[in-house]
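The values are calculated or read from the model by the stated rules, or taken from the named source; none is laboratory data. All values derive from a computational prediction rather than experimental measurement. Note: ideal-geometry Cβ built from the backbone for every residue, glycine included; neighbour counts use all protein chains shown. Keep in mind that these areas ignore ligands, DNA and RNA; they rest on the heavy atoms of the full protein, side chains included. Shrake-Rupley method; radii C 1.70, N 1.55, O 1.52, S 1.80 Å.
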Amino acid sequence: QLQLVESGGGLVQTGGSLRLSCAASGRTFNNYAMGWFRQAPGKEREFVAAISWDGGSTYYAESVKGRFTISRDNAKNTVYLQMNSLKPEDTAVYYCATDRNPGRWVVRGPLNVGSWGQGTQVTVSS
């Protein structure tokens, strides 16, 4: 359906910033709400942030609220995750994902995922 490729991960010190990008291929990208998830070694994959198809609604996990910002540029078929004030506990592989169904106007919680990207590693040193 949609192919998603994450980029922008890397190694950063505590308090630093990174911007993750997720580039999508497919003409239906603009119709889907998008989200970011993360998974640390030995841990369950957890929800991070989501954004509606038009960018008008966002939702964040409490652990990142106030520090992370999800955004999208539908003209570029790209969704972003701006991560500020990074902490060691943010260390994980970050995955972007599509909503399971198109046309979501309001994001009120974690997405039911339709497609996953391959992930990009974020490491925050103490």
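The single condition among (1) outside any strand (DSSP E or B); (2) closer than 14 Å to residue 116 by Cα that residue 37 does not meet is (1).
Can you confirm whether region 60-82 contains a residue that is out of contact with any Asp or Glu (no Cβ under 6 Å at 6 or more places or on another chain), within 18 Å of residue 120 (Cβ to Cβ), among the basic types (Lys, Arg) and crowded, with 17+ Cβ neighbours inside 10 Å? Yes: region 60-82 contains one or more residues that are out of contact with any Asp or Glu (no Cβ under 6 Å at 6 or more places or on another chain), within 18 Å of residue 120 (Cβ to Cβ), among the basic types (Lys, Arg) and crowded, with 17+ Cβ neighbours inside 10 Å. Could you please let me know if residue 37 is touching a residue at least 40 places away in the same chain (Cβ under 8 Å) and hydrophobic (A, V, I, L, M, F, W, C)? For residue 37, the condition - touching a residue at least 40 places away in the same chain (Cβ under 8 Å) and hydrophobic (A, V, I, L, M, F, W, C) - is met.
Checking each residue in region 40-59 for being assigned to a strand (DSSP E or B) and not hydroxyl-bearing (Ser, Thr, Tyr) picks out 46, 47, 48, 49, 50, 51. Could you say whether any residue in region 50-57 is under 30 Å from residue 14 (Cα atoms), open to solvent by 60 Å² or more (accessible area, probe 1.4 Å) and modelled with pLDDT of 95 or more? No, region 50-57 has no match at all.
Of the numbered criteria (1) open to solvent by 30 Å² or more (accessible area, probe 1.4 Å); (2) outside any strand (DSSP E or B); (3) among the hydrophobic types (A, V, I, L, M, F, W, C); (4) in contact with a Lys or Arg (Cβ under 8 Å, 6 or more places away or on another chain), the one residue 86 fails is (1). Within region 62-86, restricting attention to residues that are in contact with a strand residue (DSSP E or B) (Cβ under 6 Å, 6 or more places away or on another chain) and touching a residue at least 40 places away in the same chain (Cβ under 8 Å), the residue that is farthest from residue 112 (Cα to Cα) is 86.
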